[in-house]
Structures are given as structure tokens and as C-alpha cells.
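Reading through the C-alpha cells given below for one structure.
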């Protein structure tokens, strides 16, 4: 039986919330029909995303900003992943001439996974990282590409911490902008009155999980007064087959001028789900187009960038 990372996450949450000893979720195949480096929908794919690897040119503080790319580019990973999940996107962005930086945030000392800590703490961790990049590259603003939880950290940092004015463009890849029902698991757990009893356990091991529920105080605070940041050019891409951020439409921001698109509008055949969005050439072309609209190329099933 094959699993996706997102299926494992859903199953894990189900086990905690519903007090089951084992839950298995089968998912659809998860790769673009044409991709340079497709990610198989197996447990091995999870290991591949977490595997420590050297990404040549990443976090190069000697990188020189140019007229074509005047701002550092920050990549922010998803819940349970690390900076190594950018193994496909980062080399292409670096080759395109961007000064690319990434961190692993929200990681407890003994954990393999990132994105577990309270989101407010992870947001400030991102902010500290960005401030360091700005100082070392003598820049005043960055562009940010964030996946899942990584798509909301900068929003919180800008709105409630010290990030105002420091971000020019923000591209969300399946961002959890309005929280999630986790494929209705949260809704079912609430109906069965199992949600609150599970909270102390989740708060102890992964506080961020409960904060990403669609009805959480964190999500309400994040979107209070509007779901965009003043002065930031926002864009988002979602997938119809997202089983983590559900409904997938909650990835989108509701404001005039925001670019909200569905992956399948570019490539109807794409079966990419939550994790494999960062293995998709179509998504990567969308990201490049948002970062540099004047050099935009058509994003479709035949996008080839290597």
C-alpha cells in the first residue's frame, strides 16, 4: 500500500484526535505528467524531503544582488519538513540569478521535523533570519516563497511583529491562509467531542498543529482586519488534490489584485497533492512568473525548466 506524506500527516492527526491505534489513508498518484524530478508517492518520498543534502549556492552570504534580482529570496518550508524540501526549486532559482536563502524553523532540539513550535515563535525565527540576510546583503526588502505553514509565517511577522515594510513579493504554495479542516477530520472530531481532550497532547508535542485548525484563535488573529499585508504583492497557488489544507480554496486570499490560481488550471492532468507541490515544474514556473512578471513564461503541463 502506498502513502503520501500528507496522507501520513492526516492519519497521524486522526490517530491522536480519534484515539485510534492505526489509521491508513490511500492517496492518488502525485506527480506532474511531465517533470524533471518526479517524487514517487511512497514512504521513501518523505525520507527524500527530509534527507540532508548540499544545495549548491543556497545561503550564500557573498551573493551579489543585481538590477534584475535586487532582493534576496527566502524559501520557507512546510510543517514537518526542513529546508531540504527545496531540493528541486532552489537550484533552479539560484541558476536564474536569485540570491536564495532558506532556514529550518520551528524545530525542537531532538526532532527531525521542522514546523512544530508555536507559530508565533516560528514567525519571529523567520523574522530574525530575514533581518540577518538583509543586513549581510545590504538590502531593505526580501521576496518570500512559502509552502503550507511556511506561507503564513511572514504574514504574521509583518502584521504583529517586526516585518512591516520588509517584504515586497510573497508567493504562497498551498498556504494555510485560513486554516484547515484536515479533510474533515477536525470537523468530525469536534462533532464527537474528541477535539478538546486531544489538545493538551498536541500542544505538548506540536503546538503549531492546533493553531492551524480553521477555527483556532491563531487563524482568527492572523486574518483579523484582512488577510493581506499592506504593501506586499501576494500570489497563491493551490491544488485540487490537497488533503492537508482543506477545502483547497482556503489557500486563497480575498482582496482585489491578489493572484489566486489552481494548479489544475495550468495543467488539468496534474495530480500533485500537498507535499509534491514543491516537486512540480508547473508550480515552479508559476513561482518564477510571480517573482519576475516581466519575464513570465507559460506555465502548463509541458513546463520544462532544466
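The values are calculated or read from the model by the stated rules, or taken from the named source; none is laboratory data. Keep in mind that what you see is a predicted model, and the values were worked out from it rather than measured. Please note: Cβ atoms are built from the backbone with ideal geometry, for glycine as well, and neighbour counts cover all protein chains shown.
Brief remarks follow.
- Boolean, residue 65 is modelled with pLDDT of 95 or more, touching a helix residue (DSSP H, G or I) at 6+ places or on another chain (Cβ under 9 Å) and surrounded by 19 or more Cβ atoms within 10 Å (Cβ to Cβ): no
- Flag for residue 286 being crowded, with 22+ Cβ neighbours inside 10 Å and either touching a strand residue (DSSP E or B) at 6+ places or on another chain (Cβ under 9 Å) or at pLDDT below 95 (or both): yes
- Residue that is outside any loop (DSSP other than H, G, I, E, B) and within 27 Å of residue 162 (Cβ to Cβ), where the choices are 253, 285, 290: 290
- Of the criteria (1) surrounded by fewer than 24 Cβ atoms within 10 Å (Cβ to Cβ); (2) under 17 Å from residue 212 (Cβ atoms), which one residue 129 fails: (2)
- Residues (at pLDDT below 95 and either part of a helix (DSSP H, G or I) or surrounded by fewer than 18 Cβ atoms within 10 Å (Cβ to Cβ) (or both)) located in region 212-224: 215, 216
- Single condition residue 253 does not satisfy, out of (1) within 16 Å of residue 152 (Cα to Cα); (2) at pLDDT below 95: (2)
- Filtered residues of region 236-245 (kept if surrounded by fewer than 24 Cβ atoms within 10 Å (Cβ to Cβ) and touching a strand residue (DSSP E or B) at 6+ places or on another chain (Cβ under 8 Å)): 236, 240
- Figure legend. Inter-residue proximity from region 267-287: first residues in contact (Cβ under 8 Å) with a residue 60 or more places away in the chain, second residues surrounded by fewer than 24 Cβ atoms within 10 Å (Cβ to Cβ) and assigned to a helix (DSSP H, G or I), beta-carbon distance below 6 Å, spacing 6+ or different chains. Indicated pairs: 270/264; 282/266.
- Test: residue in region 297-304 that is under 16 Å from the mean Cα position of the chain (by Cα) and buried (at least 22 other Cβ atoms within 10 Å of the Cβ): no
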